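> The structure follows.
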Amino acid sequence: MMEPIVQYKNVHKSFGDTHVLKGINLDINPGEKIAIIGPSGSGKTTIIRLLMTLEEPTDGDIYVAGKNLWKIEKNGKKMPANERHLASVRKDIGMVFQHFNLFPHKTILDNCAMPLIKVKKMKKSEAREMSKQMLDRVGLGDKYDAYPSNLSGGQKQRVAMARALVMRPKIMLFDEVTSALDPELVGEVLEVIRDLAENASMAMVLVTHEMDFALEIADRVLFLDEGIIAESGTADEVINKSDNPRLQNFLKRFRA
Amino acid sequence: MTYWSWETFFDAFPIIITGINVTLGLTVVSFLLALAAGFIWLLLESTPFKAFNFIIYWIREFIRSTPPIVQIFFLYFAWPMVPYIGMSFTPFVAAMLALGIHFSTYISEVYRSGIESVDKGQWEAATALNFSVKDKWFSIVLPQAIPPTIPMLGNYLIILFKEVPLAATIGVVGILSIARSYGAQTWSYLEPLTIVAILFLILSYPSALLVRALEKKMNRQFDKKNTKVKVTE
């Protein structure tokens, strides 16, 4: 049995009075491709934002490679993690956002190279070389010196993926990465994700509304409903064999 | 009745202009102080201690709501009488501190608006890429926050410049002081004070035009959601 790379243990998250996640238990194995589906407001995005340390869980623990993400032990007592601890765990995780979040004051080459230089302390020339290779891979080899504002949404999202990938994460999180795109630009982004899903060894977690795509590439599909994982299994198990009425209802809206 | 005399004008001009160093010097050092202190306000109001932040906020609010001339008088005349921490300042230093601190309370608001104009997603991307706190600020946030504030800062510089003659009231010998004493000695106030006004106009107006041009340029860049601002490292 493989040691899971990520474990959620009874994780809760509230925003004020809103109880968004109500006890999430989830193991993610190295290299596993997981798709999270579910109605909006069900907490899909929150699950991965907790792992990326963009939100702090209200209760429960998240382990990454055996280390407790949000807590450190000090003299036998559990304490909230400091920035140094978070940084040491976070280095294995990468994320792509719905709204790309590219750095507008940097060229796309610098968008990719700067984190390598600043965070991985890589030499400038080496960082730029690696970034160029990654941009070539996502099909933007001719745009090194362009600024994000000069790119289409699909191109921006591909840069964002290159920027995350070049850091060599063990887990990649995709937060509704095609939701902000014009329909005709969705394909080029999904193509890159498909390439990764087939060829890269990292674990991937996709929060998505691209139902057919998710089912096609995911090893495991989670149906999240009202803050709990209501269904979990292979695409076939979840889509065809579940008799959860809320899931059926949810799927019907996509089939319509 | 005294009439305009070009003779007096040309006599007064070279005398008055010797004060421009002090007037401009006081403007520049006060503004530099305001730029630095503005940043300090921001830091002091963003500590994890809510009560402390609140106290600092009210101190800043108090300074902002009192007239600069009161603050100049206070620092020059009253501060030396404050027990334990009181000390006397030269007129120039007192004016610099008063104007610098007064304007820092506005500048801190400018900084805040600049920082708040940076999209939350920029912070999140920087976190996701595991940037250190320092790199987040200096490589991601400030390079985007500062350019749009430059026109606002420029405006405050011009306003500060026009407040600098207040320092004449405690004896800082800038162009206004010199003009006044010239008037007192010769009984002609018309020409020397006109010279002062002209000097202010000559210096403020082009600066105002420059600021307006900058503002237009920034607006053009920042109207668009995704901006193309070239910031060199």
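> Report yes if some residue within the stretch B:51-63 is touching a Ser or Thr at 6+ places or on another chain (Cβ under 8 Å), more than 13 Å from chain A (Cβ to nearest Cβ), basic (Lys, Arg) and closer than 30 Å to B:ALA213 by Cβ; otherwise report no.
So far as the stretch B:51-63 goes, no, none of its residues is touching a Ser or Thr at 6+ places or on another chain (Cβ under 8 Å), more than 13 Å from chain A (Cβ to nearest Cβ), basic (Lys, Arg) and closer than 30 Å to B:ALA213 by Cβ.
> Can you find a residue in the stretch A:69-88 that is within 26 Å of A:ASN29 (Cα to Cα), charged (D, E, K, R) and facing chain B (nearest Cβ under 9 Å)?
For the stretch A:69-88, residues within 26 Å of A:ASN29 (Cα to Cα), charged (D, E, K, R) and facing chain B (nearest Cβ under 9 Å): present.
> Would you check which residues across the stretch A:62-80 are farther than 24 Å from A:ALA203 by Cβ and not in a strand (DSSP E or B) and list them?
Correct list: A:ASN75, A:GLY76.
> Hey, another quick one. On the given criteria, is B:VAL118 more than 29 Å from B:PRO206 (Cβ to Cβ), touching a Leu at 6+ places or on another chain (Cβ under 9 Å), assigned to a loop (DSSP other than H, G, I, E, B) and not polar (S, T, N, Q)?
So B:VAL118 passes the test.
> Report yes if B:VAL133 is away from chain A (no Cβ under 14 Å) and either out of contact with any Pro (no Cβ under 8 Å at 6 or more places or on another chain) or at pLDDT 95 or above (or both), otherwise no.
no
> Sort out which residues of the stretch B:6-50 are within 26 Å of B:LEU97 (Cβ to Cβ) and assigned to a loop (DSSP other than H, G, I, E, B), and write them in order of number.
B:THR18, B:GLY19, B:GLU45, B:SER46, B:THR47
> Only one of (1) farther than 17 Å from A:LEU173 by Cα; (2) within 14 Å of another protein chain (Cβ to nearest Cβ); (3) at pLDDT 95 or above fails for A:LYS132. Which number is that?
Here A:LYS132 clears every test but (2).
> Something else now. Would the stretch A:171-180 turn up any residue that is within 20 Å of the chain's Cα centre (by Cα), free of Cβ contacts under 8 Å to residues at least 12 places away in the same chain and under 25 Å from A:THR234 (Cβ atoms)?
No, that holds for no residue.
> Now for a different question. Of the residues A:VAL192, A:VAL159, which single one is under 22 Å from B:ASN130 (Cα atoms), crowded, with 18+ Cβ neighbours inside 10 Å and more than 11 Å from chain B (Cβ to nearest Cβ)?
A:VAL159
> If only one of A:ARG194, A:ARG253 is modelled with pLDDT of 90 or more and basic (Lys, Arg), which one is it?
Only one candidate passes the filter, namely A:ARG194.
> Please indicate, with yes or no, whether at least one residue in the stretch A:35-44 is surrounded by 15 or more Cβ atoms within 10 Å (Cβ to Cβ), modelled with pLDDT of 95 or more, charged (D, E, K, R) and outside any strand (DSSP E or B).
No, there is no match, as no residue in the stretch A:35-44 is surrounded by 15 or more Cβ atoms within 10 Å (Cβ to Cβ), modelled with pLDDT of 95 or more, charged (D, E, K, R) and outside any strand (DSSP E or B).
> Checking the condition within 14 Å of chain A (Cβ to nearest Cβ) and crowded, with 19+ Cβ neighbours inside 10 Å, which residue from B:ILE175, B:ILE140, B:ILE146 passes?
Answer to the check: B:ILE140.
> Here's a follow-up. Considering only helices (runs of 4 or more DSSP H) fully contained in the stretch B:150-229, which possess at least 2 residues that are over 23 Å from B:ALA12 (Cβ atoms) and at pLDDT 90 or above?
B:150-163
> OK, next. Between A:MET95, A:MET122, A:MET114, which is outside any helix (DSSP H, G or I), within 10 Å of chain B (Cβ to nearest Cβ) and surrounded by 17 or more Cβ atoms within 10 Å (Cβ to Cβ)?
Every option except A:MET95 fails the conditions.
> Kindly indicate whether A:LEU109 is surrounded by fewer than 22 Cβ atoms within 10 Å (Cβ to Cβ), under 20 Å from B:GLN144 (Cβ atoms) and more than 10 Å from chain B (Cβ to nearest Cβ).
For A:LEU109, the condition - surrounded by fewer than 22 Cβ atoms within 10 Å (Cβ to Cβ), under 20 Å from B:GLN144 (Cβ atoms) and more than 10 Å from chain B (Cβ to nearest Cβ) - is met.
> Sticking with this one: Out of the residues in the stretch B:78-101 meeting the condition of being part of a helix (DSSP H, G or I) and free of Cβ contacts under 8 Å to residues at least 40 places away in the same chain, tell me which one is farthest from B:VAL173 (Cα to Cα).
This residue is B:MET81.
> While we're here: Considering only residues of the stretch B:118-130 that are touching a residue at least 12 places away in the same chain (Cβ under 8 Å) and more than 7 Å from chain A (Cβ to nearest Cβ), which is nearest to A:HIS85 (Cα to Cα)?
Here the residue is B:ALA126.
The values are calculated or read from the model by the stated rules, or taken from the named source; none is laboratory data. All values derive from a computational prediction rather than experimental measurement. All Cβ positions, glycine included, derive from the backbone under ideal geometry; neighbour counts span all protein chains shown.
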